[in-house]
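All remarks here apply to the structure that follows.
The values are calculated or read from the model by the stated rules, or taken from the named source; none is laboratory data. This structure is a prediction, so every number in the text was calculated from the model and none was measured. Virtual Cβ from ideal backbone geometry, glycine too; neighbours counted across all protein chains shown.
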Amino acid sequence: MILITGATGHFGKAAIDSLLEKGTAAGDIIALVRDESKAAELKEKGIQIKAGDYHDYDSLRKALKGVDKLLLVSSSDLNDRLTQHKNVINAAKENGVTQIAYTSIDIESFTASVIPVVSQIHSDTADYLKKSGIAYTLLNDTLYADLVPMFAGEKVLETGIFFPAGDGKTPFVARAEMAEAAAVVLSTGGHENQEYAITADTAYSFSEIAAIISEITGKDVQYLKPDADTYIAELVKAGVPEGDAGFFAGFGVAIGKGEFDTKRSDLAKLLGRKPQGLKEFLKTIYG
Ligand SMILES: NC(=O)c1ccc[n+]([C@@H]2O[C@H](COP(=O)([O-])OP(=O)(O)OC[C@H]3O[C@@H](n4cnc5c(N)ncnc54)[C@H](OP(=O)(O)O)[C@@H]3O)[C@@H](O)[C@H]2O)c1
């Protein structure tokens, strides 16, 4: 029995779809959801639904009964994320779960990152998981290609890309393909106590991304390279809360410093094919 956390979120749903496509029976999959009203589509597919909240240990302990393998999708609730992840790992241990795959991050250095609020949680969770004694698989995910349109902005075709990422490059991967890699790890053997870089072979800068969007749309899309302070000030002027603007800017600065350009990739090996290129992905958005 395989349990997927965050099953009503993008990654969890995509991982379940991939498991089904790869031949895992719906009856062998449990979806952990915190809001059952969002699980109708999963129910229709024949997936078992269990209610559980990362903050509520007792709910997790009950939900994880009879589970062999678990995909722990990192929490999107930024309030004490480490405790949330520890609760899932502890509940898994109590229930004799044999393997946990965790969606971590592929970054140059956990300790030297300019976005410790992001990197530290993954590093701490990975350490805790490794020490739990349960077989682990760390899915060290790069940034989602799905974030590129968000970083580029809604008016990218009119105003260009305004993002403080300098000339840094990122090996973006479509979230659905990252989720597929998770499904491979859960449905095939030999991934115990392994770490995988879920990254593309090629990394792209935002100048290159602007050129790709120009080619797709036939419009002249420029990459404006603001510094982080200018970017934050512009976002705040447009009504974005300062904390959120600072959070987005942090990703730009980390990209600019090359933190995601780790030059390692295990994705093609896991998928058994070359992953979709960024240009192909962006065609689905701008084409
Ligand atoms: N690599 C990247 O580029 C990148 C980018 C963004 C995020 N991430 C990380 O990857 C994770 C998955 O991404 P995603 O796109 O699938 O995010 P998402 O669509 O926001 O899904 C997050 C899931 O976590 C669930 N969740 C949040 N708090 C919970 C709690 N207290 N108890 C139980 N479940 C809880 C949410 O439940 P509900 O459906 O009820 O809200 C949702 O199903 C994110 O949570 C984040 O940690 C990575």
Taking segment 60-106, which residues are part of a loop (DSSP other than H, G, I, E, B) and either within 21 Å of the chain's Cα centre (by Cα) or of a type in the set (A, V, I, L, M) (or both)? L64, V67, V73, S74, S75, S76, D77, L78, N79, D80, V97, D106
S109 versus (1) outside any helix (DSSP H, G or I); (2) within 15 Å of the ligand (Cβ to nearest atom): which is the lone unmet condition? (2)
Could you please find all residues in segment 1-23 being surrounded by 14 or more Cβ atoms within 10 Å (Cβ to Cβ), under 22 Å from the mean Cα position of the chain (by Cα) and not in a helix (DSSP H, G or I)? I2, L3, I4, T5, G6, A7, T8, G9
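Okay, residues lined up against (1) modelled with pLDDT under 95; (2) over 16 Å from the mean Cα position of the chain (by Cα); (3) of a type in the set (A, V, I, L, M):
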position	(1), (2), (3)
N193	no, yes, no
F206	no, yes, no
A211	no, yes, yes
T217	no, yes, no
G258	no, yes, no
D266	no, no, no
K269	no, yes, no
Which residue is surrounded by the fewest Cβ atoms within 10 Å (Cβ to Cβ), if the candidates are limited to segment 29-59 and must be assigned to a loop (DSSP other than H, G, I, E, B) and among the basic types (K, R)? K45
Based on what the data block shows, is T111 under 30 Å from A254 (Cα atoms) and either more than 22 Å from the chain's Cα centre (by Cα) or at pLDDT below 95 (or both)? yes
If only one of T142, T170 is near the ligand (Cβ under 10 Å from one of its atoms) and under 30 Å from T24 (Cα atoms), which one is it? T142
Result of the Cβ filter at 8 Å on segment 265-282, keeping first residues that are touching a residue at least 24 places away in the same chain (Cβ under 8 Å) and more than 19 Å from E208 (Cα to Cα) and partners that are outside any helix (DSSP H, G or I) and small (G, A, S), at least 6 apart or interchain, is S265/A197; S265/A200; D266/A197; L267/A197; L267/A200
